[in-house]
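Take a look at the structure below.
The values are calculated or read from the model by the stated rules, or taken from the named source; none is laboratory data. If you're wondering where the values come from, they're calculated on a predicted model, not measured in any experiment. Reconstructed Cβ throughout: ideal geometry from the backbone, glycine too, with neighbour counts over all protein chains shown. When the accessible area is computed, the model is the full protein with side chains, heavy atoms only, and any ligands, DNA or RNA have been set aside. Shrake-Rupley method; radii C 1.70, N 1.55, O 1.52, S 1.80 Å.
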Amino acid sequence: MPLDRTDRMDRTGRMDRTGRMDGTGRMDGTDRRERPAPPAPAAAPNEAVIPAARRPADARPDDAAIPAARRPADARPDDAAAPDARPGGVRPVARLVRSGAAQALLGYAATRLLGLAVLLGAAAAGGEDAWHRLTGRWDAVWYARIAERGYGHEVTLPDGAVHSDLAFFPLFPALERALSAVLPIGAAPAGLAVSWIASLAAAWGIHAVGAHLAGRRAGIALAVLWGVYPTAFVQSMAYTETLFTAFAAWSLYAVLRGRWVLAGSLAVLAGLTRPSAVALIAALGVTALATAVRDRRVTPGLVTGVLLAPLGWLSYVVYVAVRTGSPTAYFDVQAGWGNSIDGGVALARFVAGHLTGPQPLAGAGLLAAFAVLGWAVWLCVRQRQPLPVLVYTLAVVAVSLVGAAYFGSRPRLIMPAFPLLLPAAVALLRLRVRYAATVLAVLASASAAYGAFTLLGPGPP
């Protein structure tokens, strides 16, 4: 949904009580139905928004939250919880369950469990092996082979194209190998375990970023929305998207908190996971430059983080070059897979071919999909998301569109750009709780059905 004029952010980047941003780059969770709150101390720059401890009996379920009282500078904005009226406070387990992170993880896990349940049911009805679809097809097979035998495998296609396993970055198969060495499982199920664990870490990081920018409730909604993304079924496969998104989300969160060394270290791991780490590296670099210009000084932590960020990606590109004896070897390998950078020419030809071919409606559908993507990007810009988040999002989208890759892969390549969903997460906060839950349930059901249809079909995601 588009944001109305009360959802615009001022030049400082934080939403006020009517939905505008203020100087810290965070939006509070207050909607236009906010009930008057008693006077409270002035909010600190890094304060989060938490639910009110008590509301009138006639308060609507989605009534606005109130600012939290001042807390230490290192307190995480998504960990706040309303004080308990009982003597002695809330028990640790109850406090954990009531935390925004726990609610986000539970909501996200519910969406993925629904997807698995639908897949298993559809596979059983059709006599298919659902687990093979998750661990034994497409990229998952290449990762498992690398984990078991190392690099060096190539496949020559009838048209002469060569598919080399050097196209796949090393961290995911290394984790598969390590896990299969300590547990009595093979590389393929180990890859599934790595992906599932990483998906929870990613959802937690997505919630942390969303809560920092827009309040705890928006962080929860953002994590759940990522779990119902149309190609979210890939999050349940032995693929690298969840691992990469986990590193990217927590790296962005570290930048937002000014922890540059941690952000750079996580970018190193992201660079060993997927080539799209260039988007995260760009986000850190552009933000560091803007920070240095604004503050007119450069701190050692900032320099260290920026210098660390590209090392993972660069180290693997150099490894491929040394292994093959060609400085452009990695890019040649990608070209062999049809993933060369062509500025979007192949994508334009694909869409034009459908518009002028026997299925013009399919071409029109593709144009509509790009229009929705462009609208989502515009909402992120209009929302004035903080610089590192916005640069990362735009770069992921650009990297996904400018290559000559198989068109069906592009939606999952865009999936790590989770901030695209932040405007929708904020819009959900304007709905009553039961209506927002209904919207998420419908989306989760549609995503699960589409995932089962795609995984049990003939084409790769």
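Note on the range 169-222: residues that are under 30 Å from Cys380 (Cβ atoms) and over 22 Å from the mean Cα position of the chain (by Cα) total 0. One residue stands out among those in the range 429-461 that are among the hydrophobic types (A, V, I, L, M, F, W, C) and open to solvent by less than 20 Å² (accessible area, probe 1.4 Å): the one that is nearest to Ala218 (Cα to Cα), which is Leu429. Output the residues belonging to the range 400-413 that are more than 21 Å from Gly457 (Cα to Cα) and surrounded by fewer than 21 Cβ atoms within 10 Å (Cβ to Cβ). Leu401, Val402, Ala404 - these are the residues of the range 400-413 that are more than 21 Å from Gly457 (Cα to Cα) and surrounded by fewer than 21 Cβ atoms within 10 Å (Cβ to Cβ). Please determine, by comparing only the residues of the range 270-304 that are in contact with a Pro (Cβ under 8 Å, 6 or more places away or on another chain) and hydroxyl-bearing (Ser, Thr, Tyr), which one is nearest to Met415 (Cα to Cα). The selected residue is Ser276. Restricting attention to the range 299-331, the residues that are surrounded by 17 or more Cβ atoms within 10 Å (Cβ to Cβ) and either more than 26 Å from the chain's Cα centre (by Cα) or of a type outside the set (A, V, I, L, M, F, W, C) (or both) add up to 7. Remark: Leu429 falls outside the filter, which requires a residue to be touching a Cys at 6+ places or on another chain (Cβ under 7 Å), of a type in the set (A, V, I, L, M, F, W, C) and within 27 Å of Arg382 (Cβ to Cβ). The condition of being touching a residue at least 24 places away in the same chain (Cβ under 8 Å) and at positive phi holds for only one of Gly264, Gly215, that being Gly215. Checking each residue in the range 346-399 for being open to solvent by less than 50 Å² (accessible area, probe 1.4 Å) and not in a helix (DSSP H, G or I) picks out Gly357, Gln383, Gln385, Pro386. With the structure loaded, tell me whether Val399 is under 19 Å from the mean Cα position of the chain (by Cα), under 25 Å from Trp138 (Cβ atoms) and of a type in the set (Val, Ile, Thr) or whether it fails that test. In short, yes. Within the range 320-342, the residues that satisfy the criterion of being in contact (Cβ under 8 Å) with a residue 24 or more places away in the chain and touching a Pro at 6+ places or on another chain (Cβ under 9 Å) are Tyr330, Gln334, Asn339. For Leu113, which of the numbered conditions (1) of a type outside the set (Phe, Trp, Tyr); (2) modelled with pLDDT of 95 or more; (3) crowded, with 22+ Cβ neighbours inside 10 Å fails to hold? Checking Leu113 against (1) of a type outside the set (Phe, Trp, Tyr); (2) modelled with pLDDT of 95 or more; (3) crowded, with 22+ Cβ neighbours inside 10 Å, the one that fails is (3).
Is there a residue being out of contact with any helix residue (DSSP H, G or I) (no Cβ under 6 Å at 6 or more places or on another chain), open to solvent by 40 Å² or more (accessible area, probe 1.4 Å) and within 23 Å of Leu401 (Cβ to Cβ) anywhere in the range 236-259? No, that holds for no residue.
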